[in-house]
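One structure is given here, and the rest of the page talks about it.
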Amino acid sequence: MSSNHHKPKPPQSHRPERQLPKANAKIRVNILYDDGHVLALEKPAGLPTQPGRGHMDDTLVNAAFATHGEALCKLGADRDWGLLHRLDMDVGGVVLMGLTDIGYDSVRAQFEDRTIGKKYLAIAHNAPPADSGRCTRELAEVVRGDMKVSVHTPRGGEEAHTRWNVLCKSKTHCLLEVEPLTGRLHQIRAHLAMVGCPIVGERVYRVDLPPNTSRAPAGRMADALLLQAWEIEFRCVAGTRQRVRSKLGIDLLQFATQQRWQIPV
């Protein structure tokens, strides 16, 4: 496999993610897959994916450097220290990292070609307009308060497609299998709110868009966001398709149990 798909980024040494991440063995994450070229890790909800402002050494990438630091160092900043994609801090589930040039470039090309299969599980308020469907509203990134969010604007948005399938539902909630066919910021969260079923625990994307960026009151823990990156499928360096699934998060599992729903395993 050629490395032609990889386009080095211009040097920006002031960015935190350009700095060599520190290994942090105190953060333990489950390894779901490791073939020597590609690594799949199970990111817990609440753990940042990569170093950034306020989280320089307590992220998934720091944990990966404690177990695979030599390989990730060789990939360098131009290949994001092996990191192939990101999850919101509140979202747990499968994250892929490259361990070699060929492993990183191969999977990165699949992301760009949209041949990666990604499935999420979400528990949402209400139910979407149909048991199966797709939201195709364009999304544009804007800054609201102290965070960047995605909104639908009449002009200037980027193409965004999210497909859903209702697995279970009650009078007030539903369990959805969701596939983001594009990779926009907070895409699933924004699109589900737009079709009238915001995710349980959602504090940013509500039915009453534009987004509400309110935080939980001081001294009170925020409710868990019931969204999980449940499954990812990709072509490994050997040429075969590989499917990796994460374990169900405890909050999502408890809510589903209370509703007497059967979640696929």
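FYI, it's all coordinate maths here, none of it is from the lab. Just so it is clear, the structure is predicted and the values come from calculations on it, not from any experiment. Ideal geometry is used to build each Cβ from the backbone, glycine not excepted, and the neighbour counts take in all protein chains shown.
Structural remarks
- In this label model, GLU112 and LYS22 are separated by 3.4 nm, measuring between points 7 Å along each Cα→Cβ vector.
- Summary value for the chain: 18 percent relative contact order, contacts being C-alpha pairs under 8 angstrom separated by 6+ residues.
- Of the residues GLN50, LEU20, CYS168, the one whose Cα sits farthest toward the positive end of the charge dipole of the chain, with +1 on the Cβ of Lys and Arg and -1 on the Cβ of Asp and Glu, is CYS168.
- Stretched out straight at 0.36 nm per residue, the stretch from HIS55 to ARG134 would grow longer than its current Cα-Cα span by 24.9 nm.
- Length-normalised contact order of segment 81-135 in % [C-alpha pairs under 8 Å, at least 6 apart]: 24
- A full extension of the chain between GLU159 and ILE263 corresponds to an added length of 34.4 nm, given 0.36 nm per residue minus the alpha carbon distance.
- Think of it as helices only: each DSSP H run of n ≥ 4 in the chain is worth -39500 (n - 2.57), and spread over all residues that comes to -5500 deg cm²/dmol at 222 nm.
- Farthest toward positive dipole pole in segment 117-265 [+1 Lys/Arg, -1 Asp/Glu at C-beta], among THR182, LEU253, GLY145: LEU253
- Mean separation of Cα pairs under 8 Å and 6 or more residues apart, divided by the residue count, gives segment 17-113 a relative contact order of 33 percent.
- Here segment 17-113 is assigned +1 on the Cβ of each Lys and Arg and -1 on the Cβ of each Asp and Glu. Its dipole about the Cα centre then comes out at about 360 debye.
- Total charge dipole magnitude, the chain, about the Cα centre, Cβ charges on Lys, Arg, Asp, Glu only, Debye to nearest 20: 360
- Charged side chains reduced to their Cβ positions (Lys and Arg at +1, Asp and Glu at -1) give segment 113-216 a dipole of some 180 debye around its Cα centre.
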